[in-house]
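Quick notes on the structure that follows.
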Amino acid sequence: MSDYSKESFSRIHKLNFPNKLAKETMKHSLKSIVDKFFADGLLLSLFIDIDDTTLYCVTVWESLAATERIRNQGKFGKFFEQVREMGIGLNIVEGSTDARFFDSSVLDAFTKI
């Protein structure tokens, strides 16, 4: 990965599903998609189970430019369109991120990809 500044860029995807099965199925699909982004500037991803039908997917990128490269490829526009057609509510917010931690051993709590 390239050298990056301490200020990164994040996207928070909030997904609302019609049922638990839909959520678990989509979560599995999203993980396989997101895992490929680590080679393109993704630093960290979090999948947060809020309840049986709500999932937050948080992605932290090395920069806005890194995430824009993925967005501008146009590969995922159709995917998000299909997600909405399936009745899955999707909201995305994004912004500049100041990610901080005290000790690198905190990374032991995460799955390394």
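Every number here is computed from the coordinates shown, using simple stated rules; none is lab data. Only a predicted model underlies this, so the values are computations on that prediction, with no experimental measurement involved.
In table form, for the structure just shown:
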| read-out | value |
| --- | --- |
| Helix-only mean residue ellipticity at 222 nm for the chain, each DSSP H run of n ≥ 4 adding -39500 (n - 2.57), per residue, nearest 500 | -9000 deg cm²/dmol |
| Spatially proximal lysines relative to Lys27 (Cα-Cα < 17 Å; intrachain offsets below 8 disregarded) | Lys14, Lys36 |
| Translational D in µm²/s for the chain (Stokes-Einstein at 20 °C, 1.002 mPa s, Kirkwood Rh from C-alpha pairs) | 142 µm²/s |
